[in-house]
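A.B. asks: First, the structure itself, so that you have it in front of you.
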Amino acid sequence: MKRTRKLLVMALAIAMLGLVPQVAFAQGVPDRDHPTVEEVEHPHSIGEAKKRAAAAIAKRLVALGRIDARVKTSSHITGAHKDRLIGDYATARAGLSALGRQIQDAETQEELRELIPLIATDYRVYLVILPKSHEVLASDRMADGVVRLTGAADAVLAAIERAEGAGFNMEEAREFLRVARSEIDAVSNGAVPVADQVIGLSAADWEEPAKSMLEAGKAALEQGRRDIHEAVDALKSAHRAIKEAVGD
Amino acid sequence: MFKEPPLTATTALLVAVGIVLVAGCSASPTGVTTTSTEHLSELAQPDTSEFPTSAQEAAPTRKSVAGGIGLDGGSADTATTMPGMSTLGGGTALEQREDAEDAGDAATDVDLTAVAGAELDLPDLEPLLADLDGLLGDIDGEINDLDHSFDNDEGDVEE
């Protein structure tokens, strides 16, 4: 009986010694001399993880390259906004490239578990950089639109005044012009400021306040689009009213 | 009995002349000569319903006013010689000349409306407004790209 007990204790001790490497893995201590069970059982998993990380980084670098080119060739974005965004892209690209090298140099699953999530969390290319870039582009485009709409409204006003000078009743045309100017003002006060409101957002601002600000900016820009459509419609209606009044 | 026929003839002649004068004046004012200034003074009485207010001065309806002033045959100098025309303005030659000039201005205004109509044909506004259609297209494109960027988180959350 005693002999049997001794044998059981020895078996238990041997079994516990066999678990040591797994315990070390569970504690997150990398040890090249004692590979984890996962590394032993899945020798290609680290390689696969690195490959997926490289693809994720490459995809972001491509997206950053595209938006960078878009911003650089935009004729409507302001110089200050352009410089700021291009700076953001350069920083993100440099950071992602450095992170990619770190990931490729990593030798353990644990290192990879720490590094790979940073591809998303340190840069937020898709959640912050791209949406804010498109909001800045749209907002500056609307600022340019306000200038063009104001010029068109002034031209319509000049035509109205000429027609009134010739004795024609321009009340209807003036009313349409008033509507157009009101819509233009709404764009100026709502959509145009969005660029300055969101351009400073960074990955560190995710999830709040970045998420709320980007959503509010998007809503303001969509409203701005509707306002601009209505302003253009009103200017065209004013033009029609002028032509009808003078019998043209 | 013997003198009755000449009296009748004279009366008939006077009546005929009267009819001709009345008919001539009412049917064609422009045909009246300076010898008919008494009738002209009546014709030249301004029709206040047609006379423009300051706000209406340049209105196309001034054509009727200009037409009335055209009773003088279109000559401002002739108009100054017509006492009846004084009802349109002052009685002095200067005032009448000013009236005539106003009449000319009114006629010019009418012409200007035609010019304004041509100008308000708005060849300048058409391309301007067409350009705004391009603006709408550009803005629609920007907003569509923005929508797409919101739909495309590409694993920023999951990774």
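A.B. asks: Per residue of B:129-141, count partner chain C-beta atoms within 10 Å of its C-beta, then hand back the mean as an integer. If you can, show how the numbers build up before the last one.
C.D. replies: Numbers: counts 8, 1, 3, 12, 2, 1, 11, 7, 0, 6, 12, 3, 3.
Rounded to a whole number, the mean comes out at 5.
A.B. asks: Quick one: Cα centre-to-centre distance for the range A:120-168 and the range A:183-248, in angstrom?
C.D. replies: Between the Cα centre of the range A:120-168 and that of the range A:183-248, the gap is 7 Å.
A.B. asks: Calculate one ³J(HN,Hα) per residue across the range A:198-207 by plugging θ = phi - 60° into the Karplus curve 6.51 cos²θ - 1.76 cosθ + 1.60, and present them in order as whole Hz with x for glycine and proline.
C.D. replies: My calculation for the range A:198-207 gives 10, 5, x, 5, 9, 4, 5, 7, 7, 9 Hz in order.
A.B. asks: Report the number of Lys pairs in the range A:36-123 whose alpha-carbons are under 26 Å apart, with separation of 8 or more residues or on distinct chains.
C.D. replies: Working: A:Lys50/A:Lys59; A:Lys51/A:Lys59; A:Lys59/A:Lys72; A:Lys59/A:Lys82; A:Lys72/A:Lys82.
Going through the range A:36-123 pair by pair, I get 5.
A.B. asks: A follow-up question, please. Using the Karplus equation 6.51 cos²θ - 1.76 cosθ + 1.60 (θ = phi - 60°), what ³J(HN,Hα) coupling, rounded to whole Hz, does each residue of the range A:224-238 give in order, writing x for Gly and Pro?
C.D. replies: x, 4, 5, 4, 5, 4, 5, 5, 5, 4, 5, 5, 5, 5, 4
A.B. asks: Between A:Asp185 and A:Ala158, what FRET efficiency comes out of the Förster formula 1/(1 + (r/R0)^6) with R0 = 22 Å and r the beta carbon distance, rounded to 0.05?
C.D. replies: Working: r = 20 Å, r/R0 = 0.89.
The computed FRET efficiency comes out at 0.65.
A.B. asks: Sticking with this one: Using only atoms on other chains, find how many Cβ atoms lie within 10 Å of each Cβ of peptide A:158-168 and report the average. All intermediate terms of the calculation are to be shown ahead of the outcome.
C.D. replies: On the way: counts 2, 6, 1, 0, 6, 6, 2, 5, 13, 14, 7.
Partner Cβ neighbours, averaged per residue: 6.
A.B. asks: Turning to a different aspect of this structure: Count neighbours as other Cβ atoms within 10 Å of each site's Cβ, and list the GluC sites (Glu not before Pro) in the range A:163-248 that are DSSP loop with at most 11 such neighbours.
C.D. replies: Numbers: sites: A:Glu164, A:Glu171, A:Glu172, A:Glu175, A:Glu183, A:Glu207, A:Glu215, A:Glu222, A:Glu230, A:Glu244; in loops: A:Glu207.
Sparse-neighbourhood loop GluC sites (Glu not before Pro): A:Glu207.
A.B. asks: Tell me the relative contact order for the range A:36-123 as a rounded percent, counting alpha carbon contacts under 8 Å between residues six or more apart.
C.D. replies: Working: 47 pairs, mean separation 33.1, N = 88.
Contact order relative to length: 38 percent.
A.B. asks: Report Rg (one decimal) and Dmax (nearest whole number) for the range A:36-123, counting Cα atoms only, units Å.
C.D. replies: Spelled out, the Cα radius of gyration and Dmax of the range A:36-123 are 16.7, 57 Å.
None of the figures in this text is laboratory data; all of them are computed from the coordinates on show. Values in this document were obtained by computation on a predicted structure and should not be read as measured data. Note that each Cβ is placed from the backbone with ideal geometry, even for glycine, and that neighbours are counted across all protein chains shown.
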